Amino acid sequence: ANLLGRGLSSTTVLHLHRLLKKAFNWAVSEGLHSQNPIAKVDAPTPEEYEMDMWEIETIHDFIDLCGENRYGDVFRFAIHTGLRRSEILGLRWDAVDLTEGRLRVFRTLHHINGQGTVVGEPKTKKSRRTIALAPETVNLLHSIRGSQMDAGLPTSGEGYVFTRPNGLPLVPSEVSKAFHAFVLEHNLPKMKFHGLRHAYASLSLLAGIDSKVVSESLGHSTISITMDLYSH
């Protein structure tokens, strides 16, 4: 109740409820606690909402403007593929096949307070996936690789696809801050970086791509999750 009163979403509080319930169940099974106090606490019901989404014309304007921004390639790639921020920033050249036009998602990159940048794995089995790349996405990656070659950065093996000028991976929070600033600078409708993933899904479904294909590309565990989010 306190967290809801502070303005956290019911979905966030529900995740916390599940986490506490699981933790106390473990404590009971280990004999550390006699009962699970969370078992009698009602979990909040997730609110149904329609995420912020740009009109198609706005998306085209956004893509045209990306060339002016140092993170423009990241922004374009997010709309082209629907990958999560952690999946994009964790992408290395050993996971990219430009000849076949596909890439594998099996690494993520997060920033954890006190630990810095941490490489991990996607959160679910479905999130570890191979996705096909559209021709314009392949061209974008060729362009990025060419620029990295000119700069003397590694363009194979474990070299990162999206890097700082020194070849080190990008900082997740800086990418999100840059996107927010970009949206404000160009007077675009309010949207978070994660909205680019939603833009990819919406455009794909509007283009008539099979919902199963879109769901697999997004790494959703079921098609129903995809359709619940994007049926509107």
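The values are calculated or read from the model by the stated rules, or taken from the named source; none is laboratory data. Just so it is clear, the structure is predicted and the values come from calculations on it, not from any experiment. Cβ sites come from the backbone with ideal geometry, for glycine too, and all protein chains shown count toward neighbours. Just the protein is used for accessible areas: all its heavy atoms, side chains included, with ligands, DNA and RNA removed. Shrake-Rupley method; radii C 1.70, N 1.55, O 1.52, S 1.80 Å.
Starting from the Kirkwood radius over alpha-carbon pairs of the range 2-56, derive D by Stokes-Einstein at 37 °C in a medium of 0.692 mPa s and give it in µm² s⁻¹. Walk me through the numbers on the way to the answer.
Working: Rh = 13.2 Å.
Here the translational diffusion coefficient equals 248 µm²/s.
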Item to complete: Would you kindly derive the ³J(HN,Hα) couplings of the range 180-192 from the backbone phi angles with the Karplus curve 6.51 cos²θ - 1.76 cosθ + 1.60 (θ = phi - 60°), listing them in order in whole Hz, with x for Gly and Pro?
Response: 4, 5, 5, 4, 5, 4, 9, 6, 7, x, 4, 6, 7
Worksheet item: Of all accessible surface on the chain at a 1.4 Å probe, what whole percent is carbon and sulfur?
Response: 52 percent
Discussion item. Between GLU55 and HIS194, what's the calculated FRET efficiency when r is the beta-carbon distance and R0 is 25 Å? Round to 0.05.
Written reply: 0.85
Worksheet, complete the sentence: Scalar couplings 3J(HN,Hα) for the range 101-114 by Karplus 6.51 cos²θ - 1.76 cosθ + 1.60 (θ = phi - 60°), nearest whole Hz, x for Gly and Pro, are x, 7, 9, 10, 9, 8, 10, 10, 9, 10, 10, 10, 4, x
Fill in: Relative contact order of the chain, pairs being alpha-carbon contacts under 8 Å that are 6 or more residues apart, as %
20 percent
Worksheet item: How do ASP52, ASP73 stack up against each other in accessible area, from largest to smallest, with a 1.4 angstrom probe?
Response: ASP52, ASP73
Worksheet item: Cα-Cα pairs above 22 Å in the range 132-217: how many percent?
Response: 48 percent
Worksheet entry | Heavy-atom surface of the chain, accessible at 1.4 Å and reported per residue (Å²) | 59 Å²
Practice prompt. Report the semi-axes of the equivalent ellipsoid for the range 173-232 in whole Å, largest first, where each axis is √(5λ) for an eigenvalue λ of the Cα gyration tensor.
Written response: 26, 12, 9
Worksheet item: Quick one: Debye curve from the C-alpha atoms of the chain, no solvent, what's log10 I(q)/I(0) at q = 0.10, 0.11, 0.16, 0.18 Å⁻¹?
Response: -0.56, -0.67, -1.25, -1.48
